[in-house]
Every structure is written in structure tokens, then in C-alpha cells.
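The values are calculated or read from the model by the stated rules, or taken from the named source; none is laboratory data. Only a predicted model underlies this, so the values are computations on that prediction, with no experimental measurement involved. Counting neighbours? That spans all protein chains shown, and the Cβs are built from the backbone with ideal geometry, glycine included. All accessible areas refer to the heavy atoms of the entire protein, side chains included, with ligands and DNA or RNA removed. Shrake-Rupley method; radii C 1.70, N 1.55, O 1.52, S 1.80 Å.
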Amino acid sequence: MRDSLVKRFESIVGKGNLFSEREVLYAYSYDAAVVPQTIPELVIRPMDPEAASKVIRVCNEEDIPITVRGSGTNLSGGAVPSPGGIVILTNALNRILELNEADLYAVVEPGVITAKFASLVESKGLFYPPDPGSQSVSTLGGNVAENAGGLRGLKYGVTKDYVMGLELFDAEGNPIKTGSRTVKCVTGYNLSGLITGSEGTLGFIYKIILKLLPYPRHRKAMVVYYDDVMKASITVSEIIGARILPCTLEFMDNFTIRAVEAYSKAGLPTDAAALLLIEVDGHPSQVEEDSLTIEALCRRNGALQIKVAGDQRERDRVWEARRGALSALAKLRPTVILEDATVPRSRIPDMVKEVQTIAKRHQLLIGTFGHAGDGNLHPTILTDKRDREEWKRVEKAIEEIFEAALALGGTLSGEHGIGIAKSKYLEKETNRYTLLYSQKIKRALDPKSIFNPGKVLYE
Amino acid sequence: MKSKLLSILESLRELDTQLIQCMRCGMCQAVCPVYQETGLETDVARGKLSLLDGLLREILKDPIKVKKRLERCLLCGSCQANCPSGVRAVEIFLRARTIVGLYLGIGPLERILLRGVISNPRIFNGFFKLFKIVSKLLFKEAHPSLGTSCSRIPLPVLKDRHIKFQTKPRETKRLRFNTTRPKGHTVAVFVGCVIDKIFPTIKDATLDILLYYGYDVFIPETQACCGIPALSSGDLKSFEALLNKNLEVFSEREFEFIVSSCPTCTWTIKEIWPMFSKNFTSFRDTDIQKLSNRAMDINQFLIANLDLNAIPYARNREDQIVTYHDPCHLRKSLKIWEEPRKLVRTCTNNRLIEMPFSDMCCGMGGTFNIKYYDMSSSIAKKKRDYFKATGANLLTTACPACMFQLHDIFSKNGDNIEILHTIELLSEAISCNGSTG
Ligand SMILES: Cc1cc2nc3c(=O)[nH]c(=O)nc-3n(C[C@H](O)[C@H](O)[C@H](O)COP(=O)(O)OP(=O)(O)OC[C@H]3O[C@@H](n4cnc5c(N)ncnc54)[C@H](O)[C@@H]3O)c2cc1C
Ligand code: SF4
Ligand code: SF4
């Protein structure tokens, strides 16, 4: 990058917030996805939104691609810099600007860490439900940009259901305001809806208004084992048929159960074909009643084993297996590919079967766990990216998993986003016109394509 | 330079299988104390591991710059304890430091300190005595009850440090031996430099307790440093010399256990010695294993072997509110956190109040404190805030290095606080029992 340009950025953010040493740049060349790395030209950390706006303006003038980065935990390569581009960090924009207990909303900057926010909110007796597995490190800006989900999707929805309004900079660095602090707002287009999940391709989010709920007064968890995935799936349908919406309804397949047991030696039944982790929350008497109904349903559907948590300690134990799923799988092989193909929830048994067939066909290790309540599965491929031959089979398997999900009426990605990892499959799920429509939006809003070019849309 | 780079690459390749374990998930960001200070990816384990990967793949070409980045690390093991993928980050960092150190040498100051002073117990002792004399001229008292000093004149290296020089011998009487346990069980004690030079009262307390419970104690006078400062500076040669010395002196007698009141020493003996023993030919792997297998933290040893129910609480501390700080190497590396708490509860009649994030690092990290004092202090400041949140006035912990760091931060703030090792507390409780001679 030209010296004069670097000087210009430096005059905006100050020397201490501009990084150009090769070692530092290299450490921003990746995110959590298994995709090729790209070393950025510069890394810039604005200390306030105004500085970010100025940096964006210069980039637009000079045709420099921008990749905004929260904590870099993206699983689809969206936070990997675009070639020739710079990275703008949001982690210095990390203030909670307002927490309004009367009107149940909060206003935050994008660099606030999800779990820190959630626990502050909780300390006021309020609730911010979206809880992606990465919440201890992910940023709220990253969550909005990815429309992150989590374990509570079925009952509480995902990040988009909590975004009341946004403020962002467009490609010229001008401030754009969408939504409001009110529950109802129909002023103009629903731009928040467009920006949420746009993966950093339509603007730089610098302020977020988030909806809050009262904290549920009571909750109860249980873990249930089955000898057949179908039985677990029927139980899920019947729970919902009984007009109960558990806040958590998680699934693990036999491969994952065995992996967890091998690692934790907690005494899980390794011959079980499926595990369901079910938690209900709400008013204490309702919770107790629902939990009894669910228990009965599980039994009627031939559950092998049911463990209901009586207190917090037991709850932790019940949750242990599910919490340990990813790390137990991750330890088996060096490379971990966490997919998130999603199907209508009644098709979970078919999808699990498909994944198993694919694993067998390509002789790969694939463990599947995920969110049974909303059909969002995480087939997790365990491999070693250094093994070229195996890698080819992995690529084939990924493609087949997508195809299977689409054939079952599902989607490519439930929550991890498209990024660079899945952009070439986008057209398959939708059609050419949809892609063109999206491209037109992108071109109109960001004519020079400075915001995260090459992500989401295959150009 | 070229050939050196090639040699470094060759050695680094051995780390490849370990490096590839990192799935770049970034979960270490949640726990890395350095990253939480700076928010810089190069400071978190994921970033450091990626730099090594970059070096290995020859995308990064300057090992010195990578080494500098790797040094911004407390070796606290928080990342490793929290890593879903089981990456042995601390081992990788230590190995990488020694590889770079081997081919590019170590810094001049480190060379003098590690090879000239620490590697040679006699010189180390002499050096320390001399230092104590000079320090009288240079320093003035800072916090009378904590017993810290600060520089009379502003000096760049010392900054605004409040230094704990050496604990005064305790006024309470030494313990009288209790003969409830038959003689014949021998326990070796690994003292460790920080206890020996700065907190000799912890050594006294450790000895007293072991003797009180009827153990024969073997404590070789010429035992050497455990070697971790040398290793973390990349100085494999000094590390080997120290290991040799220790193997020699501890082979003079038979014993069942080797206990230490310094968790970093215990961890080094238990995990780091065997980890590196294959690098050397001057001694046998099995000799190392023999020591490693017997190494125990003092808290762990006491809880495993003794009945503490007989001990009344330290009555002299009846009106104190007490909390406990988890030393990283004890909790995260050795996975010991119940035992010291049991001791504290026993000695305080169950008056232990947990502080928030008791397992958060204090920021000491050995040489880290010297190289990055401001960052180190800023981490310690958070610890102080959490301590303050409890309303406690007695802070217990089980590591002399943490204690050194905590003395600095609390003294600088003029806090009314006492800082004790769990073992000091226990020996007080026993003397309250009237068993003193
Ligand atoms: C172990 C693990 C578990 C995970 N579990 C889940 C899960 O359960 N559910 C789920 O949905 N995801 C999950 N993820 C994926 C990931 O954590 C989420 O996508 C998260 O929202 C990313 O947040 P981040 O702060 O790391 O953003 P980054 O990865 O830094 O960025 C993500 C994208 O958002 C853009 N972006 C970030 N901030 C802004 C901003 N202020 N303005 C505009 N664009 C911006 C970036 O350019 C990038 O395209 C998981 C990841 C890991 C590693
Ligand atoms: S937590 Fe472990 S696997 Fe994840 S980035 Fe850090 S070191 Fe790598
Ligand atoms: S050892 Fe501690 S300081 Fe070093 S990278 Fe890991 S968590 Fe950070």
C-alpha cells in the first residue's frame, strides 16, 4: 500500500491503531472457517464511529476493499480479508450505550461481546436469548451481520428477531439509520432486515438497538436417549404437537455420543442412536407441568433412558454431553469442518441417515449434532487438510450434504452464513434471478464494491 | 542467517502435528489475559499459533519478529485449559522459544542472569545478598504491613514497582513435632527460587507442617532452580544444567514424594521435565520419570495424606474475611483447586468467600512481568478489583510468584490487606492449637 495512503489512515486513527507489520497482518488472514487465507494490506482499529466513517470514505475514494472484523469466529470465511483489502476491527467500539429496563431494549456498539452483554442483561432480570456456541467471544456486530442463531431458536428465534434498529455507514461513510426504539415501526423500508445477515457486504454497523425480554423465572432440563433416530424425531413432533415449545431441543447422533463418552467417561450409553437434550422455561408451574408431559411423551416413544435435572448441579450434568460435543469431536482429527445444513424438523431422521450414508460412501468421520427443534444440524467432518486425497473426498461430501439438505426442502446454511465457503452453491438453493436481484442491490448500495467483495454473492 | 533459518524450520516441523490441532475457533480469546488487555490477535493463542504456522510454511520469514510476538505471553495455560480442540499451546510455545533460542541465541541480559547467576546456586545466593545490601540504599519502605519497598529515585527499569524483598521471620513460635505418624516416611521438599529468596517463611511453614505430622524431611541445600525461567527464555542449555544439578542432589536419598509449595515448580517437575527430557543425552529418561511421578503440590499432598479435621481454625484471624486466588499453574495446569480451598476453609472456620473470576491470572508470568510491566500491572489491577468486590481483608493463594505480584498491586494502592500462602495459614492454625514448643 502507498505510503501516502497509510499516512492518511494514520492521521485518522492514530499510529497506535494502525497495524502494518507483516506478522500482525498475517494474524488477521483467517477466521474460523476452513478456507484459504488472505493477508490484508492493513489492519485499522477505529476508536470511535467517526473514525470508522472517515476510513470508509478514504477506502471508497481509493477503491480499497474493506472487511469488517469482530472476533473472527465466522465459520464461512466472511471475515477473511478480500484480496488487496484492509481489515477494520470493531473491538474498540465496545460500549453498551443504554440499557432501558422500562422499554425493554438496549443500545450497543458492535464490538460488545455477546456473553458479556447477556450476563449484564441477566443481572437486571432481563433476557437476551440468542446464544451462539461462540457467545463467550463473538461480538454482537458479528452476530447481527451473520444473523447468528443458537440453541434457543425454536422458542426464541435468532438474532434478527431481536434487532429493533441499526445505525450503519454506507460505502461513502454516511450514517444510515434504520428501525427505532419502539416495538412497532414501519417508517420506510425494513432496512434492518436487509442488513441483518448481510455478512459485512452492505455497510459498517456501528450501533445496534436490541430487544430484551423478561428473564424466565424457572427452567427444567432433561436428557433422553433413544435406540432409533426416528423415535427421537417423532418425540420432537409430538412435543410440539402438544403445544409445548421447549427453549432447547438438542440432538446428538451415535457417533457424537461415542466421541463424548470416549473423552469424558461420564457413562453415556454408547449404543444409543440418538440423544435429545430438552429444556423448558417459563412460569414455574407451567414448566413443571410441561416437563411431566414431555417425560411421558419420551417414554411412550420408547426412550431408553431419561434423566431429569432436579437442581442446578444436575442441570449442569444433563447439559454436559451436549456442551462437550464439539470439543469431543474436535479432538479426534486435526481438521474440523462444522457444517450447518438445515432441514424442516420432521426431516431430521432422513437427513441424519443421508449424512451417515455420505460418510460411509466417502469413508469419512462425520458426527452430527445440532438443534432438533429447528432442524438446524451440524454435520461435523473430521479430517486432516494436509491429506490431499482425503480432502478431495471431503469436498465431495460437503457438496452432497448440501444437495441432500436442499432435496429435503432445507437450506444450505441455518446460521453460519455463506461467506466464501458456500457462495458458489447459492444459486442452487434459489435461482439465477434471485442472485441477480441480490447483485443489483449490492451494486446500487456499494457501487465500487468496497464492502467485503467476493463474499456471499459469487461474482 | 539463511542456514539458521533452515535449521529453525526443520526443528519447527516437529511441531506441525501439534500446530495443526488448532482449528482457529478463537475460543481462547475469552480467557487469554494478554488478549483481554490489547484485543490484538497476535496476543491470543490462536494468533501466536498461526504465526508459527506462517513461519513453518515460509510465509513469514523473520523468526526474531515471531519470537518477539510469542514473548507477549504469560505461559499461564488459560488458553490450553479452555481449548475445545485440546491444543497443547504452552508446550508449543515453550518448544518454539527453545528452537528459536537455540539458533539465534538468547538476549545478553538473559545470558548473564540465566547462565551466570541462576544456573549456579552459590553465585545466585551471593548475588542476592549483595542485592539486598544495595537495595537498602536504593529503596525506601512503601507499605509497612505488606513489607514492600519502592525506589527512592525514579528508575526506568523499576518503574513504580512496589517490591517485596524478603519476608521477616515469623514471630510465632516454630511448631513442635507431633508424633502421631510413625517415622520412616520421607518427603523431599523442592523449595523453589521465589520462596527461597523472597518468602522464606513459606519454606519454614512447609517444613514445620511436614515435621509436625511426623515426616522425615529431605531438603537438599544445593538444590537448583526448576529451570522454567531458562526454558521460557529459550535457553535449553541452562535448563539442562539445572535439571542435571537437581537430579544429582535429589538422588542422594530415597523418598516417597517430592512436594513443593510453588505450583510452577511442581508443574515444571511433573510435566515440563519429562516433556523435554528426550532433548538431552546427559541423563536418563527414567530418572526424570521417577521424580516426576512423585511430584506433588503441598496442598494436594496434605489433603491426600492427612486428617485435618483435628485442626481448629486460626483464632487470631477470627475477624478477617478471607478469599482465595487460584494460581494458574495450580488450577489450569495441575487441575488442583479443591485442596487449597479445603485447607483455607479448615483454617478459617469456613469463612472463605469466593471472589469473582478467582481463576483469572494475576499477570505475573515470570519474565513477562519484567518485559511488560505495565500490561502485567494492568492485569493485576483487575484481580484487585475482584478482590475488593468481596470485602475481604485476607487474600490467600498457593503460589509465591502470585504473592509477589499481588504485594506489588495492593501495596501501590495502599490497601489494608494481608496476603498469605495457604501453608502459612495452616501452620498458624496449628500453632493456635497450642502445639508450639
Ligand atoms: C466454536 C464455534 C461455535 C459457533 N456456534 C455458532 C452458533 O451456535 N450459531 C451461530 O449462528 N454461529 C455460530 N458460530 C459462528 C460465529 O461465531 C458467528 O457467526 C458469530 O456471529 C460471528 O461473530 P464474530 O464477532 O466472530 O464476527 P466475525 O467472524 O468477525 O465476522 C462475521 C461477519 O460479520 C461481518 N461483521 C462483523 N462485524 C460487523 C459490523 N460491525 N458491521 C458489518 N459487518 C460486520 C464480518 O465482515 C464477517 O463477514 C460459531 C463459531 C465457532 C467458532
Ligand atoms: S481455542 Fe484452541 S483450537 Fe481454538 S483457536 Fe484457540 S488454540 Fe486454536
Ligand atoms: S498461555 Fe496465557 S497469556 Fe499465553 S496465549 Fe495462552 S492464555 Fe494467553
Go through the stretch A:158-192 and name the chymotrypsin sites (Phe, Trp or Tyr not before Pro) that are in a DSSP coil and have 10 or fewer other Cβ atoms within 10 Å of their Cβ.
A:Tyr189
Taking placed amide H atoms and a strict 5 Å upper bound, the residues 5 or more places from A:Lys207 or on another chain that come that close are A:Glu167
Between helix B:338-347 and chain B: long-axis angle, C-alpha atoms, 0 to 90°, nearest 10
20 degrees
0 to 90° range, to nearest 10: angle between helix B:373-390 axis and chain B longest Cα axis:
40 degrees
Checking the a/c ratio against 1.5 first, then a/b against b/c, what shape does the Cα gyration tensor give for the stretch A:243-328?
prolate
Qualifying trypsin sites (Lys or Arg not before Pro) in the stretch A:376-458, DSSP loop, other Cβ atoms within 10 Å at most 12
A:Arg386
By accessible area (1.4 Å), largest first, A:Leu18, B:Leu130 order as B:Leu130, A:Leu18
On average over all directions, what projected area in square nanometres does chain B have, based on the convex hull of its Cα atoms?
20.8 nm²
Of B:Asn244, B:Ser376, A:Tyr128, which is farthest towards the positive pole of the protein assembly as shown's charge dipole, taken about the Cα centre with +1 and -1 on the beta-carbons of Lys, Arg and Asp, Glu respectively?
B:Asn244
Mean Cα-pair separation over length for chain A, i.e. relative contact order, pairs under 8 Å, 6 or more apart, %
15 percent
Sulfur and carbon atoms: percent of accessible area, chain A [1.4 Å]:
51 percent
With contacts defined as alpha carbon pairs under 8 Å and 6 or more residues apart, what's the relative contact order of chain B in percent?
17 percent
Nothing charged except the Cβ atoms of Lys and Arg (+1) and of Asp and Glu (-1): what's the magnitude of the dipole of the protein assembly as shown about its Cα centre? Round to the nearest 20 debye.
1920 debye
Based on DSSP H runs of at least 4 residues, each adding -39500 (n - 2.57), what is the mean residue ellipticity at 222 nm of chain B after dividing by all its residues, to the nearest 500 deg cm²/dmol?
-13500 deg cm²/dmol
Specify the angular offset, from 0 to 90 degrees and rounded to the nearest 10, of the alpha carbon long axis of helix B:236-250 from the longest principal axis of the alpha carbons in chain B.
30 degrees
The size of the Cβ-based charge dipole (Lys, Arg +1; Asp, Glu -1) of the stretch B:317-397 about the Cα centre, to the nearest 20 debye, is 120 debye
With a/c under 1.5 counting as rounded, go ahead and sort the stretch A:218-407 into rounded, prolate or oblate using the C-alpha gyration tensor (a ≥ b ≥ c being the square roots of the eigenvalues; past the cut-off, prolate if a/b is larger than b/c, else oblate).
prolate
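Any chance you could run the full-extension gain for B:Lys381 through B:Val157? It's 0.36 nm times the residue separation minus the Cα-Cα distance, nm to one decimal.
Working: separation 224, 0.36 × 224 = 80.64 nm, distance 1.98 nm.
Length difference between fully extended and current span is 78.7 nm.
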Whole-number D in µm² s⁻¹ for the protein assembly as shown, Kirkwood Cα-pair radius fed into Stokes-Einstein, 37 °C, 0.692 mPa s
110 µm²/s
Most fluctuating of B:Ala392, B:Ala89, B:Ala30 in the GNM of chain B (C-alpha, under 10 Å) is B:Ala30
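As an exercise, use a Förster radius of 22 Å and the Cβ-Cβ distance of A:Ser11 and A:Arg95 to find the FRET efficiency, rounded to the nearest 0.05.
The formula returns an efficiency of 0.35 here.
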Once Lys and Arg get +1 and Asp and Glu get -1 on their Cβ, which of A:Ile366, A:Pro349, A:Ala303 lies farthest toward the positive end of the dipole of the stretch A:218-407?
A:Ile366
Theoretical FRET efficiency, 1/(1+(r/R0)^6), r = Cβ-Cβ of A:Ala266 and A:Tyr437, R0 41 Å, to 0.05:
0.25
Burial ranking of peptide ranges B:372-383, B:205-216, B:116-127 (average Cβ count within 10 Å, highest at the top):
B:205-216, B:372-383, B:116-127
First measure r as the distance between the Cβ atoms of A:Thr187 and A:Asp103, then evaluate 1/(1 + (r/R0)^6) with R0 = 22 Å and state the FRET efficiency to the nearest 0.05.
0.80
Charge dipole (debye, nearest 20) of chain B; +1 at Cβ of Lys and Arg, -1 at Cβ of Asp and Glu
920 debye
Given Cβ charges of +1 for Lys and Arg and -1 for Asp and Glu, the option among A:Ile234, A:Ser438, A:Gly157 whose Cα lies farthest towards the positive end of the dipole of chain A is A:Ser438
Which of rounded, prolate or oblate describes the stretch A:3-89 when judged by the alpha-carbon gyration tensor and an a/c cut-off of 1.5?
prolate
Which percent, nearest 5, of DSSP beta bridges in the protein assembly as shown are antiparallel?
70 percent
